[in-house]
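Chemist: Okay, here's the structure, questions in a sec.
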Amino acid sequence: MTTPSPLTPAGLRCVHLVDPLGVAPDRVRFSWLLAGSGSGGRQSGFQIQVFHNETWLVSRETLAWDSGRVASGESADIAYAGAALAPGGRYGWQVRVWDGDEAVSAWSARAWFEVELDQEGWHASWIGPGPLRESFTPPAHDGSFDPVANALRPAPYLRRSFSVDQPVASARLHITALGLYEARLNGQRVGDAYLTPGWTDYAKRVQYQTYDVTSLLVPGQNVLGAIIADGWYAGFVGFDAKRSGAHYGTSPELLAQLALTFADGTSQLVVSDEQWQARSAAILHADLLMGERHDLRLEPHGWDSPGFSASGWHAVRCRPLDSRPLVADPGPPVRVTQEVPPAAITQDADGRWIVDFGQNLTGWVRLRTDGPAGASVRVRHAEALDGDGRLYTENLRTARQADEHVTSGGPEVLEPRFTVHGFRYAEVCGYPGELSPGDVVARVAHSDIEIAGSFSSSSEWLDQLFRNIDWGQRGNFISVPTDCPQRDERLGWLGDAQIFARTACYNRDVAAFFGKWMDDVADAQLPSGAFTDIAPRLHLPWGGAPAWGDAGVIVPWTVWKMYGDTGILRRHFGAMTAWMDFIERGNHDYLRARDLGHSYNDWLAPGTDDTPHELLATAYWAFDAGLMAEIADVAGRPDDAAGYRALRAKIGTAFAEAFITSDGRITSGTQTAYVLGLHMGLFPDELRVAAAGHLVTAIEAADWHLTTGFVGVGYLLPVLSSAGRTDVAYRLLEQRTAPSWRYMIDNGATTVWERWDGWTAERGFQSAWMNSFNHYALGSVGEWLYRFVLGIDQEDGSAGFSRLLLRPHPGGPLRSARGSYQSVRGTISTSWEYTSDRFTYRVQLPPNTTATVLVPSGDGAEAVFHVGSGAHEFTGQLTEDEQNA
Ligand code: BGC
């Protein structure tokens, strides 16, 4: 027996982040973790205090909110309820907790947040290179006219010097661009984020970032600078073979405001205005899809430091702030999170260096050179090699994914700044000398979202699948959840995100990321109420597609379920209601057969996908209605909840009449039709067992292969396990011939492919027109690994992991599995193993949780236990079937 240790709060977060520097005042929500085991690890109350810190000096602060003692076990999603928060204000906060015995903890360590500026807080103007700006047409690679290169333009450098005459107590840089920016202060890069300010519908909302730059300022002369590039705002975006000027704007602009607070309490602003100067320099073009071209001979060294003489720089073009909302970036930023060294460097048939990084990833290549000036080094990127060992780039469509650098001589680093490529292989031409492993590295870049989950097992290939799923998530979560990171697409497809959302939450802490993207989804919503196919939606007013538009309900519900975040439900309740009204308006008979937009159906299902469109659509509508009832309950709208329950019942009746027979069969009999019917609770109770049996028969008829596309795949194994057919789930998992996950891995996949047959031994590559090797939808099986294999799940009705359901599903050839999930209440770990017929399950629960644990008991049944926080071990038996499944 260990003696109970007092409960203490730690790991404080505001809006899911540690000490955020920009929070919308109406979104402030607090959470903390608990350590200790006092009185069974149950929190019985908390008290929060929030202090307004007027001058950055802790001694001069006022109490903005004292919650007093609140009798509650909640430790996440606690809304601020104090005095109005001052725009731009800095607040400290602390919490203490009571345990079940009424013992109170000490106050936590102090955490911080800063409130976003309101529109009046901005005194800067939008600036861009003036009318005098040079235009530059980079030469085509093969000498012929190149319309793409022709549309690319230099990334302008902008600068302004200013003087600091007093000791600085603190300094904040608020900065954004229409386009992308890299901020510089006194020769240093400001912050470590890339592709800032991120992608939003710039006509509706522009994010800005806030940096603490106190330590970068010097007494006397200072220089604030920025390089800006086209990015999503003015560059190539998506599959339109044209510039996105049509989408947002034609050339990038900067908005910057540096706020200095001096030790005596006075302050000074340095803003983007007509006093800035601009010129184009070493970056001849920079584009997300096309890549970059730098001529390092043109770099004006020292341009961003004091003492530089800016001759040849032009006045900037300047225009006042307009009314588009500027919002603090809800984070997390894109960062370089890893460097991957080459696994092999070879030369192809034409003598070009081919670097294999051993991993399909998203980012770019950094090269080191030491040679003469004027060498032209070209780096192209691809996910695969063709049969001759050359880069396979056909599947990139029009995306060029190429960076070029002209050297200025001597030791240099060659690296792009405003682009991102999806690749495993890089081809390097024109490199001066021998390319050796120390000269080249892949820098992995994506939204820097904390890891939340882990998984490992006795099966090496399954562990590889788990890693591939996470790599797919990393490579595609770049400001928005995209479909793929390599070809001319990279769009925020709602269907892909919806089906992967639960897996994404288990893998990484996507609460803030999805919170931001749901604002994009709401911004994109059409006047009809239809949620769109992609968000941000560019100029494509495509909406209403089943399983795509439904993301507008499913993703917020998932975020609430996983993080207990009720704010996202309240914020988007109106948008969700408009979506539900849109569907109902067109479908009075409760069969969703009209207004289906592009109806992608069970996208990329192998073979003939004959799941009827209206069946899939109606199933999703019923699912939405059920989730909306739950959402309305949480949002405190009982009348709406009752209305959605009634709607759910009507759709359920219509569905059963239209598609289900009295012996539990479903129209079309596809695996996806059964999976949706079962997952979405559309079979009458008495037919569920029969329906599950028909599903298994359909799987058997496909010679124990799955036939699901993007939509069916996510729920396939969960439905089988829930129906007591984990044996069949493992059989599909272990299947080695296509279509299967294992087929991809047997064929060298290091991410999840877009298509089950992206490459086959018989046929080689699938159609180059649509064949990404880094799409996460088919990786939605990750949810099953966590919820069913590890057994880390929640009881119905629980959100934010307060009431756990720990129910492992051993089977197949797996002898053991272990893993964890870092929930908002702390880390939940489980592991299991069996030797001969003995099954052992070990679990570790964080304080302030309870769990129902179900362990196989040997006769096909399960033993049920109820436990509280701490470590527990259970043993059970497996049936012979389970052992040999
Ligand atoms: C994308 C998908 C997307 C789909 C819509 C494709 O081009 O890559 O992932 O969901 O279009 O059907």
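Chemist: With unit charges on the beta carbons (Lys and Arg positive, Asp and Glu negative) and the dipole taken about the Cα centre of the chain, which residue among Leu491, Thr337, Tyr590 sits farthest to the positive side?
Modeler: Value computed over the given set: Thr337.
Chemist: Still on this structure, please answer the following. At a 1.4 Å probe radius, which order do Glu489, Glu833, Glu734 fall into by accessible area, largest first?
Modeler: Values: Glu489 15, Glu833 70, Glu734 35 Å².
The most accessible residue leads, giving Glu833, Glu734, Glu489.
Chemist: Okay, next question. Hey, what angle do you get for helix 613-634 against the long axis of the chain, alpha-carbon based, 0 to 90 degrees rounded to 10?
Modeler: 80
Chemist: With a 1.4 Å probe and all protein chains left in place, how much of the accessible area of region 448-552 comes from carbon and sulfur atoms, in whole percent?
Modeler: Whole-percent figure for carbon plus sulfur exposure: 54.
Chemist: In nm, to one decimal, how far is the His598 label point from the Thr62 one, both placed 7 Å along Cα→Cβ?
Modeler: About 5.3 nm separates the two model spin labels.
Chemist: With labels modelled as points extended 7 Å from the Cα through the Cβ direction, what inter-label distance (nm, one decimal) is found for Arg818 paired with Arg189?
Modeler: It is 3.7 nm.
Chemist: Based on the Cβ-Cβ distance of Glu274 and Val864, what FRET efficiency does E = 1/(1 + (r/R0)^6) give at R0 = 60 Å, to the nearest 0.05?
Modeler: Values: r = 72 Å, r/R0 = 1.21.
The value I calculate is 0.25.
Chemist: Here is a further query. Expressed in nm to one decimal, what extension gain is obtained for the pair Glu299 and Gln166 from 0.36 nm per residue of sequence separation less their Cα-Cα distance?
Modeler: Details: separation 133, 0.36 × 133 = 47.88 nm, distance 3.24 nm.
My answer for the length gained is 44.6 nm.
Chemist: Roughly what % antiparallel, to the nearest 5, for the DSSP beta bridges in the chain? Could you put the intermediate results ahead of the total?
Modeler: Numbers: 166 of 178 bridges.
Here the share of antiparallel DSSP bridges comes out near 95 percent.
Chemist: Which value in nm describes the separation of the simple spin-label points at Ser458 and Lys650, placed 7 Å from the Cα toward the beta carbon?
Modeler: Result: 5.3 nm between the two label points.
Chemist: Express the accessible area of the chain per residue in Å², computed with a 1.4 Å probe while the remaining protein chains stay in the model. List each step's numbers first, then the result.
Modeler: On the way: 30430 Å² over 885 residues.
Using a 1.4 Å probe on heavy atoms only, each residue of the chain averages 34 Å².
Chemist: Continuing with this model, one more query. Compute the length gained on full extension between Arg324 and His539: take 0.36 nm times their separation in residues and subtract their Cα-Cα distance, giving the result in nm to one decimal.
Modeler: On the way: separation 215, 0.36 × 215 = 77.40 nm, distance 1.80 nm.
Full extension from Arg324 to His539 adds 75.6 nm.
Chemist: Round to a whole number: what % of the accessible area of region 268-339 belongs to carbon and sulfur, probe 1.4 Å?
Modeler: Working: 1480 of 2930 Å².
It is 50 percent, rounded to a whole number.
Chemist: On a 0 to 90 degree scale, rounded to 10, what angle separates helix 573-586 from the longest Cα axis of the chain?
Modeler: Helix 573-586 sits roughly 60 degrees off the main axis of the chain.
Chemist: With just the Cα atoms defining each centre, how far is region 370-410 from region 320-355? Give it in Å.
Modeler: Using only Cα atoms, the two centres lie 15 Å from each other.
Chemist: Another one. In the neighborhood of Leu224, defined by Cβ-to-Cβ distances under 10 Å, what is the net charge if each Lys or Arg adds +1 and each Asp or Glu adds -1?
Modeler: On the way: positive: Arg159, Arg160, Arg184; negative: Asp304.
Neighbour charge sum, excluding Leu224 itself: +2.
Chemist: Here's another thing I want to ask about it. Provide the solvent-accessible area of His314, counting protein heavy atoms only and rolling a 1.4 Å probe, rounded to the nearest 10 Å².
Modeler: Per-residue accessible area (His314): approximately 50 Å².
Chemist: Can you find, among Ser823, Gln844, Phe874, the residue farthest towards the positive end of the dipole of region 733-885? Put +1 on the C-beta of Lys and Arg, -1 on that of Asp and Glu.
Modeler: Ser823
Chemist: At 10 °C and 1.306 mPa s, grab the translational diffusion coefficient of region 795-885 from Stokes-Einstein with a Kirkwood Rh over Cα pairs, rounded to a whole number in µm² per second. Before the final figure, lay out each step's value.
Modeler: Values: Rh = 13.5 Å.
Reported coefficient: 118 µm²/s.
Chemist: For region 677-802, which whole percent of the accessible surface, found with a 1.4 angstrom probe, sits on carbon and sulfur atoms?
Modeler: Numbers: 1990 of 3940 Å².
Summing carbon and sulfur atoms, their accessible area is 50 percent of the total for region 677-802.
Chemist: Rounded to the nearest 10 degrees, what's the angle between the helix 688-701 long axis and the longest principal axis of the chain, both from Cα atoms, 0 to 90?
Modeler: The answer is roughly 70 degrees.
Chemist: Pairs of alpha-carbon atoms within less than 8 angstrom and 6+ residues apart define the contacts here; what relative contact order does region 706-750 have, in percent?
Modeler: Working: 25 pairs, mean separation 11.8, N = 45.
Once divided by the residue count of region 706-750, the mean separation gives 26 percent.
Chemist: Right, something else. Just to confirm my numbers, what's the Cα centroid distance between region 148-223 and region 518-593 in Å?
Modeler: Between the Cα centres of region 148-223 and region 518-593 lies a distance of 35 Å.
Chemist: Here's something else I'd like to know. Give, rounded to the nearest 20 debye, the magnitude of the charge dipole that region 631-714 has about its Cα centre when Lys and Arg contribute +1 at Cβ and Asp and Glu contribute -1 at Cβ. Before the final figure, lay out each step's value.
Modeler: Details: 6 positive and 9 negative charges, 38 e Å.
With only Lys, Arg, Asp and Glu charged at Cβ, the dipole is about 180 debye.
Chemist: Could you list log10 I(q)/I(0) for the chain at q = 0.05 Å⁻¹, which the Debye formula gives when each Cα is one point scatterer?
Modeler: Cα-only, vacuum Debye calculation for the chain: -0.29.
Chemist: Continuing with this model, one more query. Quick one: if the Förster radius is 22 Å, what FRET efficiency do Ala768 and Asp356 give, using the C-beta to C-beta distance and rounding to 0.05? Before the final figure, lay out the partial values.
Modeler: On the way: r = 21 Å, r/R0 = 0.95.
Efficiency for this residue pair is about 0.60.
Chemist: Could you tell me the calculated FRET efficiency between Leu805 and Val340, based on Cβ-Cβ distance and R0 = 35 angstrom, to the nearest 0.05? Each step should come with its number before you reach the end.
Modeler: Details: r = 38 Å, r/R0 = 1.08.
FRET efficiency, Leu805 to Val340: 0.40.
Chemist: About its Cα centre, what dipole magnitude does region 240-344 give when the only charges are +1 on Lys and Arg Cβ and -1 on Asp and Glu Cβ, stated in debye to the nearest 20?
Modeler: Values: 9 positive and 13 negative charges, 62 e Å.
Roughly 300 debye for region 240-344.
Chemist: Just to confirm my numbers, what's the Cα centroid distance between region 715-744 and region 68-124 in Å?
Modeler: Spelled out, the Cα-based centre of one part sits 46 Å from the other.
Chemist: Measuring from a point 7 Å past the Cα of Ser436 along Cα-to-C-beta, which residues in region 409-426 have an amide N at less than 16 Å?
Modeler: Counting backbone N atoms under 16 Å from the label point, the list is 411-412.
Chemist: Which of Gly312, Pro638, Tyr248 sits closest to the plus end of the dipole of the chain, meaning its Cα is farthest towards the positive end, when Lys and Arg get +1 and Asp and Glu get -1 on the C-beta?
Modeler: Checked the options; the winner is Gly312.
The values are calculated or read from the model by the stated rules, or taken from the named source; none is laboratory data. Everything numeric here is computed off the predicted structure, so don't read it as measured data. All Cβ positions, glycine included, derive from the backbone under ideal geometry; neighbour counts span all protein chains shown. Surface accessibility is based on the protein's heavy atoms, side chains included, excluding ligands, DNA and RNA. Shrake-Rupley method; radii C 1.70, N 1.55, O 1.52, S 1.80 Å.
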